[in-house]
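Visitor: Once you've had a glance at the structure underneath, I'll fire off some questions.
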């Protein structure tokens, strides 16, 4: 009887797993992300209309001939993201009603971030998108039709699959094995410190894991991946993302100032920024404020951390299934449970990275791949902007303030402080030439 029941349960899970290939939001993120990358790789789409830097004249930001293509881009994203709703028999009318406003807010966030003074201070579109959403959600309130359009998880998952194409292994290996070792040591230390402190202060294990991943790996993307692996509450994930974006803004300005005061070499500063700031766009901005060399190494270090999104998500899924959720249960969980738990969009992220690193790069060459990535980055930027607007619209600041009575903020502050000091020390050790030859010539 037990064997029959077990087989029946397994058959149901298998059928459910197969059905999820066209019903699950995670799998839809994989299919849509891969479709977008295919459009770019086959050069079906060769250019994404961009917003240019402007000072006071808005006509400098957008070329007249680009305006229809921006509208077409928005319509295309709307059509693609409607497919998961149709497969799940969700409400499409309210989604189509609210999406144009969502897209407009995403557009305004990118437009504002391109203003000369704002751009120089590194206040990226992600911050403005979050702020716009928060202002609406916490003043007049988010109307129901706009809430229906705020598909933050779907947008970020598609964006993360597309991001995988940017993780080229030959670029990461430029930092050498010492650079990779620096990233791994710092990540493991900060992850454990953040998780341990969060647990000591009474946060839930899922909240602790989500915050630990965000502070140690790469912010928003890592928080989403970890939250999916441990089935964290959406409020815990949203709180963590808000802290990542709000903390990144002042660090963009403060870290270059501190770097110049201390006379930190460009290469060391880049490694320091790449290992400290949790948001990729903010890392590039802070590095650029220091020097081109600092920006380049900061990007490499941050990309090295991004590779570990999939690794940490898998390890968390493994630990949660075999240890955390097994507590007090006599039966031993099956290994297949790890697959059921593992965030499927991470599969797309990894596949995209492998295809671009080991197939397209050797066959097409770096120049062609870079032109493809220019298109994919354009798409990824729009999906991320839509994500942060959605998070803002769904976030109630009053409710956030009640979560943990300030303890999550304390954990984030402490983890960021330790990360800042540790990253500077490891940057000098591994990139400063004190004990080893610098992996990147100074």
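The values are calculated or read from the model by the stated rules, or taken from the named source; none is laboratory data. Not measured: the values here are computed from a predicted model. Cβ atoms come from the backbone with ideal geometry, glycine included; neighbour counts cover every protein chain shown.
Visitor: So, in the stretch 35-51, of the ones that are at pLDDT 90 or above and out of contact with any helix residue (DSSP H, G or I) (no Cβ under 6 Å at 6 or more places or on another chain), which residue ends up surrounded by the most Cβ atoms within 10 Å (Cβ to Cβ)?
Guide: 39
Visitor: Quick one: in the stretch 363-376, which of the residues that are surrounded by fewer than 19 Cβ atoms within 10 Å (Cβ to Cβ) and either touching a residue at least 40 places away in the same chain (Cβ under 8 Å) or part of a helix (DSSP H, G or I) (or both) is nearest to the chain's Cα centre (by Cα)?
Guide: 374
Visitor: Within the bounds of the stretch 355-362, is there any residue that is within 18 Å of the chain's Cα centre (by Cα), closer than 18 Å to residue 311 by Cβ and at pLDDT below 95?
Guide: Checked the stretch 355-362: no residue is within 18 Å of the chain's Cα centre (by Cα), closer than 18 Å to residue 311 by Cβ and at pLDDT below 95.
Visitor: Next question, about the same structure. Provide a single number: the residues in the stretch 282-292 that are touching a residue at least 40 places away in the same chain (Cβ under 8 Å) and surrounded by fewer than 22 Cβ atoms within 10 Å (Cβ to Cβ).
Guide: Matching residues across the stretch 282-292 total 2.
Visitor: Which count do you get for residues in the stretch 277-299 that are at pLDDT 80 or above and either touching a strand residue (DSSP E or B) at 6+ places or on another chain (Cβ under 9 Å) or assigned to a helix (DSSP H, G or I) (or both)?
Guide: The number of residues fulfilling the criteria is 9.
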